[in-house]
Number of protein chains: 2
Amino acid sequence: MFPTSDTDARLVGKLRDRRLRVTPQRIVIHRALCSQARHMTAEQVLASVSDVLPGTSLPTVYSTLELLEELGLVRRVGAGNGAVVFDSRVEPHAHTVCRRCGAIADLEGASAPKNALSMAAATGFAPDHAQLVVWGLCSACAPRTG
Amino acid sequence: MFPTSDTDARLVGKLRDRRLRVTPQRIVIHRALCSQARHMTAEQVLASVSDVLPGTSLPTVYSTLELLEELGLVRRVGAGNGAVVFDSRVEPHAHTVCRRCGAIADLEGASAPKNALSMAAATGFAPDHAQLVVWGLCSACAPRTG
DNA sequence: ATGACTGCAAACTCTTTGCACAACA
DNA sequence: TGTTGTGCAAAGAGTTTGCAGTCAT
């Protein structure tokens, strides 16, 4: 399989560096995360991948997501309510999570996460990532609630 | 059972306001969260409570924690790795989470979470809580890793 | 050719649910 | 005394593990 985009090339490069195999599943799962609306659950990744690669299994999705996280191509985001999604935007940033519909969106302009890294470092902690989550009601859900 | 401290009085007051019953389990679980090292898992709460009230069950712990959260006396904190802890400090604040030992600590001085609330509000989102998590290695674990 | 990766099925953990007994108000 | 809350046991969801066959290198 040839890389058909920068996205693929980045993954293939990282896999080759580590002497790991370039499999269709890895390519397709990575594409799904980069091209679709990000913030996908494992189930959503499977559904998206299954269109292209029927027969792909959930354990493979999980193990591939874990691998992609190790390669620094994906981040695991805990929404706090137990829901876990995977995000191909890897730099520290902020999310809003709707308590009613569960929607997860990026919150732009919050410099907080990056600042927090240096604050944490000042306490003797060795930070490698930070994430800010804001809970509440999204603009679609807020009007219909008391 | 009489309130023996401000902590108890606050819980009892909130329960009475809602016409809910004041039970030993609720008192003891609330005390555990307020007096012990905070950031306890449900299992840790049960262990702590069992010393005082043997026979207390895990389902009761969960349902009580859910109630305390509704009453605004406790916050559920998702560490992102799947671990969930409960925190009796309820205002928005930041945590550090050690990837090696799992230790969770407060990160003081990060004004980020509060700022994020107003940023989110500006986008049409109706925020009610924010939480910042910094992952990395704590000062105890950092030295022994490459 | 050979060793890593995938798919299937089952196990595992954590949390929630249903029902009968106990206890708060 | 009448409900509400608790405890027990079992169910449920999501994720992980083990093993045999397949496929990338």
How many residues are hydroxyl-bearing (Ser, Thr, Tyr) and within 14 Å of chain B (Cβ to nearest Cβ) when one looks only at region A:73-103?
1
Filtered residues of region A:46-63 (kept if farther than 23 Å from B:Ala83 by Cβ and either charged (D, E, K, R) or within 14 Å of chain B (Cβ to nearest Cβ) (or both))
A:Asp51
Test for A:Val61: is it crowded, with 17+ Cβ neighbours inside 10 Å and either more than 9 Å from DNA strand D (Cβ to nearest atom) or assigned to a loop (DSSP other than H, G, I, E, B) (or both)
no
Based on this model, can you work out whether A:His30 counts as away from chain B (no Cβ under 12 Å) and under 14 Å from the mean Cα position of the chain (by Cα)?
yes
Return the residue satisfying two criteria in turn: it lies in region A:46-58 and is surrounded by 17 or more Cβ atoms within 10 Å (Cβ to Cβ) and in a helix (DSSP H, G or I), and of such residues it is nearest to DNA strand D (Cβ to nearest atom).
A:Leu46
Within region A:1-13, can you find the residues that are surrounded by 11 or more Cβ atoms within 10 Å (Cβ to Cβ) and outside any loop (DSSP other than H, G, I, E, B)?
A:Thr7, A:Asp8, A:Ala9, A:Arg10, A:Leu11, A:Val12, A:Gly13
Does A:Gly136 satisfy the condition of being at pLDDT 90 or above and farther than 17 Å from A:Arg75 by Cβ?
yes
Suppose we filter region A:46-71 for residues that are over 10 Å from the mean Cα position of the chain (by Cα) and away from DNA strand C (no atom under 12 Å from the Cβ); how many remain?
3
Search result, residues across region B:104-122 that are without any contact (Cβ under 8 Å) to a residue 24 or more places away in the chain, within 7 Å of chain A (Cβ to nearest Cβ) and farther than 23 Å from A:Val84 by Cα
B:Gly109, B:Ala110, B:Asn115, B:Met119
Taking region B:14-35 and keeping only residues that are crowded, with 17+ Cβ neighbours inside 10 Å and assigned to a loop (DSSP other than H, G, I, E, B), one is left with none
Looking at B:Glu70, B:Glu43, B:Glu66, can you tell me which residue is within 14 Å of DNA strand D (Cβ to nearest atom) and away from chain A (no Cβ under 14 Å)?
B:Glu43
Being in contact with a strand residue (DSSP E or B) (Cβ under 6 Å, 6 or more places away or on another chain) and within 10 Å of DNA strand C (Cβ to nearest atom) narrows B:Thr23, B:Thr41 down to just B:Thr41
I'd like the residue in region A:80-120 that is within 16 Å of DNA strand C (Cβ to nearest atom) and assigned to a loop (DSSP other than H, G, I, E, B) and, out of all such residues, is surrounded by the most Cβ atoms within 10 Å (Cβ to Cβ).
A:Gly80
Verdict on B:Ser35 being among the polar types (S, T, N, Q) and modelled with pLDDT of 95 or more:
no
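The values are calculated or read from the model by the stated rules, or taken from the named source; none is laboratory data. Computed from a prediction, not measured in an experiment: that's the story for all the values here. With ideal geometry, Cβ positions are generated from the backbone for all residues, glycine too; neighbour counts draw on all protein chains shown.
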